[in-house]
1. Of all the accessible heavy-atom surface of the chain, with the other protein chains kept in place and a 1.4 Å probe, what percent is carbon and sulfur?
2. If the only charges are +1 at each Lys and Arg Cβ and -1 at each Asp and Glu Cβ, what is the size of the charge dipole of the chain around the Cα centre, to the nearest 20 debye?
3. Determine the shape class of region 40-86: with a ≥ b ≥ c the square roots of the Cα gyration tensor eigenvalues, call it rounded for a/c under 1.5, and otherwise prolate if a/b is greater than b/c, oblate otherwise.
4. Given N residues in region 554-637, what is Rg(Cα) / (2.2 N^0.38 Å)?
5. Given axes a ≥ b ≥ c from the Cα gyration tensor, I'd like to know whether region 177-318 is rounded (a/c under 1.5), prolate (a/b larger than b/c) or oblate.
6. Given the C-alpha centroids of region 403-462 and region 464-511, what is the distance between them in whole angstrom?
7. Could you compute the net charge surrounding A540? Neighbours are other residues with a C-beta less than 15 Å from the C-beta of A540; K and R count +1, D and E count -1.
8. Would you rank Y303, Y168, Y521 by solvent-accessible area, highest first, keeping every protein chain in place and using a 1.4 Å probe?
Amino acid sequence: MKNRLWVSIILSILLIFTISGVPVGAATTDGGTQTERVSIIVKGKKSEFKRIEEVDSSARLTRQFWIVDAIVAEVKSSKIDELKGKGIDFEIEQVFTPLKEERMKTANEAILQELRETTEEKGFDGRGTVIAVLDSGVDIKHKDLSADIESPKLTADKVKEKKLKGKYYNAKIPYAYNYADGDHDIKDTNVKSAGYGHGMHVIGIIGANGPANDKSRVRGVAPQAQIASMKIFYNNPRKGEGAPEGAVISAIEDAVSLGVDAMNLSFGVPAGIKDSSDLMQKAINAARQRGILVVSAAGNAYYAGYPNEPTIDNSTISEPGVAEGAISVASFESELQRIHSFTFNGETIRYTKLNGDIKSASGVKLSDCGNGKAEDIKENPGVAIIYRSGVPFLEMIENAHKKGAKAVIIYNKDGDDSYVESIGVVEQDIPVIFVSNTDGKKLLSNLSILPDFTDRMGEIKNPLSGMSTFSGYGPLNDLEIKPEITGIGGTVYSTVNDNSYATMGGTSMASPYVAGISLCYMNYLKDKNILFTPHDVTFAMMNTARILKNKEGLPFAVRRQGAGMIDFENMKKQEIRLAYDGKPKASLGEMGKEKEFLIKVKNTSLHKATINLSHSDILTMDVSNAKEKVLEGAKISFEPQKLTLDAGATAEVRVKQIGRASC
């Protein structure tokens, strides 16, 4: 089987060569009848609304923007065809979802601790910076969002001067507003939503400031950063669970007005299309041009065709990460998993929390409840122990609850000692925990022992490794390289509402990791009195990224990891800038047997530097399993391969690829 070959090059000191939305609908009452209404986003000025009213006199203008020429209107769905017939340029408003992956999750305390030693302990902790988090909301009363902030950039007076929709809350959360519902209800209250708690989790990764020595608390990457919480997800379940496109654009506008340093976008729809005319992408690009670093999750859509035959040519990168002005972030598994435990029959039983507090079931009898089907569970089973057999988690919990269970313990399938951290919203008021297959069998072997549950916190080695399986694959529809960079996203223990904590995973968690490090790097540049733009930060993270390799020792494909893992220490040491067509990546498109191109090498240091260029094998992907493999017979050459540049000097290097161009 032949497959198109494209070459994607991330420009780092070691050159690695590898080759929508749903409509918003709301039922409204009109004269005693139910009329379906939809939200449309219309290209053009406010005057376009008059043309809409001529077709639908009941139309409502719900939003208008300045960062792009567009409005949002609510109209009767029955009028859609007639509006099209009038030549009005509109689309049904998209709704975006949080990019959280419900699978085994890990915590990254070891890497965060190492990072603190090079950032926070040297004063590079996000101080004097502001990041806008467009997500599901914030709980400003959380104990790990202390208002004790040094050198805050945004003050109450500065926020008031802007005359925006939201308001000032404190030095940690200097601005917040609910753009979805159009009110000041900034805390996520839609508990049945799949994204409940998502915004607080993202905020915690970036800038929670709990004590670093308390494993039950959270201290983020940039604990001194201020966070503007732009709530774009509905609280009102009648309106929906997602984030309407108009709310996103409004939030971007206000982030620009506030003068934030960065934005984090951990939401999207999979397999987005890069489109310079798309209104949200235009808003993102405009924000970038105004000096804001925009960081976005790559998405959790795996590869096209997963888990069956891979469709290698198709991208799964989520919008808005496809935007030209957004840095798209892939996810990597971390080294350690944070986990709870209790002692049973003299042995340690480790578990993850899925719902409630298991300690309330101490002293309650244990029962074997089979696969969790209704017929497997006897009346009043006490603590129901259920095997992970394929019955949906929420169904087995509901079955146990109906039979009067006081708690549920789910143990993994045979041979699998990994842990599940998230299964969606459990509607029943019942504690639920997840244990390994080995520990589940230990419990079943001693049903006569009454458990004494505790929630001691500890860490174990993550049984997963490498790039997160769920992390979306590039390149884009035009073969541009995406994602650009990788962060820790598989996964992270962080803050949620009401002084609580949870472990979540997905590129949603990798994106704020990268955003937080970027704020620390801005601190470093300011400390050195170096002027910078988002372009400079992007070059630094991509040119110096740590290249990630699979178990066979091959670099993960660029379409999976981008430039590699963001590395703060390497960013500080950057002295050489590599560029192709003004970017830190070379998207070369579809290729034949040979390809030549030029890269520019600039010495940004204050001293003479000698550069030796090297490369890995040329890689392609095996169409049978979506894994990397060497493209036999293909070679790369540099001319020159070694060069010496004076301080500030620039030179060109000719790169030539020869050999096979099929796989």
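The values are calculated or read from the model by the stated rules, or taken from the named source; none is laboratory data. None of these values were measured; they are calculated from a predicted model. Heads up, the Cβs are rebuilt from the backbone with ideal geometry, glycines too, and the neighbour counts pull from every protein chain shown. What goes into the accessible areas is simple: the full protein's heavy atoms, side chains included, and nothing from ligands, DNA or RNA. Shrake-Rupley method; radii C 1.70, N 1.55, O 1.52, S 1.80 Å.
1. Carbon plus sulfur share of accessible area: 46 percent.
2. Its charge dipole is roughly 940 debye.
3. Prolate, because a/c is 1.5 or more and a/b exceeds b/c.
4. Values: Rg = 15.3 Å, N = 84, 2.2 N^0.38 = 11.8 Å.
Here the Cα radius of gyration is 1.29 times the empirical estimate.
5. rounded
6. Their Cα centres are 26 Å away from one another.
7. It works out to a net charge of +2.
8. On the way: Y303 35, Y168 75, Y521 15 Å².
Descending accessible area places them as Y168, Y303, Y521.
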